[in-house]
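The values are calculated or read from the model by the stated rules, or taken from the named source; none is laboratory data. The structure presented is a predicted model; accordingly, all values stated were derived computationally and were not measured. Note: ideal-geometry Cβ built from the backbone for every residue, glycine included; neighbour counts use all protein chains shown.
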């Protein structure tokens, strides 16, 4: 945990609901106040976080508790739900789903709700604004695996998994390893085109843009244009199971590189990945994500705490990154694991 405070920016990625990312964020903020009181924390979110109850399921959620001095980037509509004394620094022109994003400094401790922009370019702009206020702050982005394309732009990321994604430890293990295998894809050594389109094919040293009439047809259009001499496919945006199904319809889609922006852009199942492996498809990323830690949450809001000791031992034996359980981080041995 200590190594996270040396970063300039950090993404906290949840594999699903109730995987403990907000609890982890709270622990990180608390530990920063205890160990690094001189370090300013700055927080925002892709989506919405910090509300008392999940807006979909109605289950209770941990709220986000910030300390005095923390910088917060949230939407106009959520300002009255932040029970801290605020110094409004800037009302930006960047919009979230709940209005313009406002940057403020907390002048007291308290709970906040955060909702930031969903586009990576807007998040980068928010970070730049925050860094102009506090050059050496730790900029933290709270988000989910399905909407974390910004994570490749941060210095590091923490992936949160746990009992809420399955009742089977084997399935938790398989889904977590699958997510990590995609998140931690190596950076491609290909010289990529300056992409304005959705997809490009490489033959020899030349990249050619694939143009489809509508977004839904781009997969079949790519499949139609792939040749035996095609050495790489470069996709801007999400690479989904549906897109891959279209690619697999081409017998020439084999033994080549498939490149996306970063590991979060590969929204595919374990079964789809296995089919790609059989075809000899190499998955690569334009930007590499630096996963610094895996956090495993044994708490399931629908079923109490699950004993994940065997899962933890297995993950620790196979991964080169630190693996902690939320129970450890919250428990009496916290000083040892932090």
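General observations
- When the strands (runs of 3 or more DSSP E) confined to the range 69-145 are screened for residues that are surrounded by fewer than 20 Cβ atoms within 10 Å (Cβ to Cβ), those reaching at least 1 such residues are found at 86-96, 99-106, 110-112.
- Applying the condition of being under 14 Å from residue 109 (Cα atoms) and touching a helix residue (DSSP H, G or I) at 6+ places or on another chain (Cβ under 7 Å) to the range 6-41 and asking which residue is surrounded by the most Cβ atoms within 10 Å (Cβ to Cβ) yields 41.
- Residue within the range 190-209 that is under 30 Å from residue 21 (Cβ atoms) and buried (at least 18 other Cβ atoms within 10 Å of the Cβ) present: no
Here's the yes/no breakdown for (1) assigned by TED's automatic domain parsing to the domain that holds residue 11; (2) more than 19 Å from the chain's Cα centre (by Cα):
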residue: 205; (1), (2): no, yes
residue: 219; (1), (2): no, yes
residue: 239; (1), (2): no, no
residue: 245; (1), (2): no, yes
residue: 249; (1), (2): no, yes
residue: 265; (1), (2): no, no
residue: 296; (1), (2): yes, no
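- Entry remark, the range 84-111: residues being within 21 Å of the chain's Cα centre (by Cα) and farther than 22 Å from residue 287 by Cβ number 5 in total.
- Restricting the search to strands (runs of 3 or more DSSP E) fully inside the range 225-338 and requiring at least 2 residues that are out of contact with any helix residue (DSSP H, G or I) (no Cβ under 6 Å at 6 or more places or on another chain) gives 230-235, 257-260, 282-285, 291-297.
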